[in-house]
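The values are calculated or read from the model by the stated rules, or taken from the named source; none is laboratory data. As the structure is a prediction and not an experimental result, all values here were calculated from the model. Cβ placement follows ideal geometry from the backbone for every residue including glycine, while neighbour counts extend to all protein chains displayed.
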Amino acid sequence: MLKRLFLTTIASVAIGMVASSISTAQDANSKADISHGRDLARANCATCHAVTIDGASPLHQAVPFWRMTIHRDVTTIERDLLNHALPQNNVMPVFNLTAKQARDIAAWIAWVQPRAHGKRILEANCAKCHAISAQGDSPHPDAPLFRELMQFYPVDAIEEAFSQGIETTHPDMPIFKMTELQVADVIVYLQSIQSEK
């Protein structure tokens, strides 16, 4: 019986280690795919499109990458790149992309969207204490759930707090300020996760 318990424990630890290494490898692959998509976008798309998290496109008619998913899904963009499906009267040149290249460009486009950018900012600065997603509890007992913020504070108050520096009643919260772009993207993300009571 003791041997069986020991083997079960060892197997559980091994499975956990394998799952962790798979997750780490997937994260590394995902980051590599996004980097590859960024490099492809810079080399092939930046002449006409703004390919970063902000800015106007050099070519007036070219939609900035950070706005592309407002009216369409990233998977549609990937498919359209592969199938050369472009809107009528479009002047975009046709590129012969591999499936991986189209997927990686779509991953980059998803990465530069305001909602994704806002989420990354909150993950880096707030997730240690706050629940920043649509589910889960805050790791810090006094930290409010971000999915409920707009029930208690109007959007303009949240924008002002983030841009001027948040101060709070619990002393272990750091004070930090965000740029106008960061605030705007955090608000987009926060609006996307709000729950209703």
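Please find, within segment 158-181, the residue that is nearest to residue 145 (Cα to Cα) out of those that are outside any loop (DSSP other than H, G, I, E, B) and at pLDDT 85 or above.
Step one: of segment 158-181, the residues outside any loop (DSSP other than H, G, I, E, B) are 158-164, 180-181.
Next cut, at pLDDT 85 or above only: 158-160, 180-181.
Details: 158: 14, 159: 17, 160: 19, 180: 23, 181: 23 Å.
If we take residues in segment 158-181 being outside any loop (DSSP other than H, G, I, E, B) and at pLDDT 85 or above, then 158 is nearest to residue 145 (Cα to Cα).
Checking residue 151 against (1) in contact with a Lys or Arg (Cβ under 9 Å, 6 or more places away or on another chain); (2) under 21 Å from residue 74 (Cα atoms), which test does it fail?
(2)
Under the condition of being closer than 23 Å to residue 120 by Cα and of a type in the set (Val, Ile, Thr), which residue from segment 41-62 is surrounded by the most Cβ atoms within 10 Å (Cβ to Cβ)?
Restricting to residues being closer than 23 Å to residue 120 by Cα and of a type in the set (Val, Ile, Thr), the top hit is 51.
Based on what the data block shows, is residue 102 under 30 Å from residue 133 (Cα atoms) and surrounded by 19 or more Cβ atoms within 10 Å (Cβ to Cβ)?
Details: under 30 Å from residue 133 (Cα atoms): yes; surrounded by 19 or more Cβ atoms within 10 Å (Cβ to Cβ): yes.
In short, yes.
Give the residues of segment 50-77 that are over 21 Å from residue 118 (Cβ atoms) and touching a Pro at 6+ places or on another chain (Cβ under 6 Å), sorted by residue number.
57
Which residues, counting only those in segment 29-49, are closer than 21 Å to residue 92 by Cβ and either within 18 Å of the chain's Cα centre (by Cα) or part of a helix (DSSP H, G or I) (or both)? Talk me through it step by step, then tell me what you get.
Residues of segment 29-49 closer than 21 Å to residue 92 by Cβ: 36-49.
Residues satisfying the conditions are 36, 37, 38, 39, 40, 41, 42, 43, 44.
Among the residues of segment 110-147 satisfying the criterion of being part of a loop (DSSP other than H, G, I, E, B), among the polar types (S, T, N, Q) and under 16 Å from the mean Cα position of the chain (by Cα), which is farthest from residue 36 (Cα to Cα)? Working first, answer last.
At the first step, the residues of segment 110-147 found to be part of a loop (DSSP other than H, G, I, E, B) are 112-113, 126-145.
Retained after the next criterion (residues that are among the polar types (S, T, N, Q)): 113, 133, 135, 138.
Remaining after also requiring under 16 Å from the mean Cα position of the chain (by Cα): 113, 133.
Numbers: 113: 17, 133: 27 Å.
Once the filter is applied, the top-ranked residue is 133.
Search segment 66-99 for residues being in contact with a helix residue (DSSP H, G or I) (Cβ under 9 Å, 6 or more places away or on another chain) and among the acidic types (Asp, Glu), and hand back the single one that is surrounded by the most Cβ atoms within 10 Å (Cβ to Cβ).
Restricting to residues being in contact with a helix residue (DSSP H, G or I) (Cβ under 9 Å, 6 or more places away or on another chain) and among the acidic types (Asp, Glu), the top hit is 78.
Tell me, which residue of segment 81-109 that is at pLDDT 85 or above and farther than 19 Å from residue 69 by Cβ is nearest to the chain's Cα centre (by Cα)?
Checking each candidate, the answer is 100.
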